[in-house]
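Reading through the C-alpha cells given below for one structure.
The values are calculated or read from the model by the stated rules, or taken from the named source; none is laboratory data. All figures in this text were calculated on a predicted structure; none of them were measured in a lab. Cβ placement follows ideal geometry from the backbone for every residue including glycine, while neighbour counts extend to all protein chains displayed. What goes into the accessible areas is simple: the full protein's heavy atoms, side chains included, and nothing from ligands, DNA or RNA. Shrake-Rupley method; radii C 1.70, N 1.55, O 1.52, S 1.80 Å.
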Amino acid sequence: MSNRTITLTDDIYSYLLASSVREPPLLSRLRDETAKDTMARMQIAPEQGRFLALLVGLINARRCIEIGVFTGYSSLCITEAMPDDGLLVACDINTTWTKTAQRYWQEAGVADLVQLHLAPALETLNKLLSEGHAESFDFAFIDADKQQYIDYYECCLGLLRPGGLIAVDNTLWGGSVADTSDQEPETVAIRRFNQHVLDDARVKLSMVPIGDGLTLAMKQVGAANN
C-alpha cells in the first residue's frame, strides 16, 4: 500500500499497458508509422489516449477542440468517444503531419467529424469566439507550442461551457518543471502555465501523472470569461 503515486518501472509500465490498454488496431498501426518520424516523441502515450477517450465519453462531449494534431492519434481517441453528429475543431500548422492524420481519420470513418484548421491556433480560437461560439464546446485538448499555453487555455476556457473540461499535455515536462536550475524557455513557460491554472478559481483542477503529465481543468458553473 502507498499514499503516493508509485514509480513506474519498465516492468510495471509493461503490466499497465497489458492490463488496461485496449488499443484499436488502427491506432496501433498509426503509432507504429509515427514511430519512424524523427519527432515521434510528440505523440501521446497509448494509455493517455485511452484516458482521453474515457474523459470525452464521461462528460458526453459532442463539440471538442484539439490544439496540436501531429499525426492524428489523439484526434482518433477523441472522435471515437464522440457521437455521430459530433465536431472536433482540430488546429495545427503542419501540412505533412496532418496529411497522415487525415488519411487515418478517413480510414477510421471519422473524417466528417473533424474540421481541420491549418492556421495558428490562436487565430482559429479567437475567430470562434468572435463568431459567437463562446461556451458552446464541451472538451479541449491542448498539446502544442508550450510558450502559448496560457493563451490557448484562456481562449479554450472562453469557448467551453460550464462543466466543460480542458486537458493539457506535458505539464510535468519530463520532470524539468521541478528543477529550478532549468530556465529553458519552454520549461519556464510550463511552470508559468501550471501556476496560472493553480491560481485560477474559475476551474476545478487536477494534474495527473500520466504520460508527460496531464492537467485537467473543469470550468466552474458561474465562471466569468476573461
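Could you go through the range 3-9 in sequence order and give the Karplus-derived ³J(HN,Hα) for each residue, using 6.51 cos²θ - 1.76 cosθ + 1.60 with θ = phi - 60°, rounded to whole Hz, and x for Gly and Pro?
Those phi angles translate into 9, 9, 4, 6, 6, 8, 6 Hz.
If amide H atoms are built 1.01 Å from N in the plane of the peptide, which residues on other chains or at least 5 residues away come under 5 Å of the amide H of GLU135?
Those lying under 5 Å, H to H, from GLU135 are LEU159, LEU160.
Past 28 Å, Cα to Cα, is the threshold; run LYS99/LYS204; LYS146/LYS219; LYS36/LYS204 against it and keep the listed order.
Over 28 Å Cα-Cα: LYS99/LYS204; LYS36/LYS204.
How would the range 110-192 be classified by its alpha-carbon gyration tensor: rounded, prolate or oblate, with rounded meaning a/c under 1.5 and the a/b versus b/c comparison settling the rest?
Here the range 110-192 falls in the prolate category.
Rounded to a whole number, what % of the accessible area of the range 114-226 do carbon and sulfur atoms account for, probe 1.4 Å?
Carbon-and-sulfur percentage of accessible area, whole number: 52.
Limiting things to C-alpha atoms, what are the Rg and the maximum Cα-Cα separation (Dmax) for the range 73-120, in angstroms?
Computed over the Cα atoms of the range 73-120, radius of gyration and Dmax are 10.1, 28 Å.
Between ASN60 and VAL21, take the C-beta separation as r, use R0 = 30 Å, and let me know the FRET efficiency to the nearest 0.05.
With R0 = 30 Å, the Cβ-Cβ based efficiency is 0.85.
Translational diffusion coefficient, Stokes-Einstein: compute it for the range 1-102 using the Kirkwood radius over C-alpha pairs as Rh, at 37 °C and 0.692 mPa s, and state it as an integer in µm² s⁻¹.
This corresponds to a translational diffusion coefficient of 220 µm²/s.
Treating only the Cβ of Lys, Arg, Asp and Glu as charged (+1, +1, -1, -1), what charge dipole size does the chain show about its Cα centre? Round to the nearest 20 debye.
Value, rounded to 20: 360 debye.
Under the Karplus relation 6.51 cos²θ - 1.76 cosθ + 1.60, θ = phi - 60°, what is the ordered set of whole-Hz ³J(HN,Hα) values for the range 138-152, x standing for Gly and Pro?
Result, rounded to whole Hz: 9, 8, 9, 10, 10, 7, 9, 4, 5, 6, 10, 4, 5, 5, 4.
What's the carbon and sulfur percent of the range 1-104's accessible surface, probe 1.4 angstrom, rounded to a whole number?
53
Return one whole number: the accessible area per residue of the chain in Å², for a 1.4 Å probe.
Dividing the accessible area of the chain by its residue count gives 51 Å².
What are the extents of the Cα atoms of the range 23-83 along their three principal axes, in Å, largest first?
Principal-axis extents of the Cα atoms in the range 23-83, largest first: 35, 23, 16 Å.
In the range 152-224, how does Rg compare with the Kirkwood Rh, expressed as the Rg/Rh ratio over alpha carbon atoms?
Reported Rg/Rh, Kirkwood definition of Rh: 1.00.
If I model a spin label as a point 7 Å beyond the Cα along the Cα-Cβ vector, how far apart are those points for LYS204 and GLN147 in nm?
With each label placed 7 Å out from Cα toward Cβ, I get 3.6 nm.
Report the Stokes-Einstein translational diffusion coefficient (µm² s⁻¹, integer) for the chain, Rh taken as the Kirkwood radius over Cα pairs, at 20 °C with viscosity 1.002 mPa s.
Translational D for this selection: 119 µm²/s.
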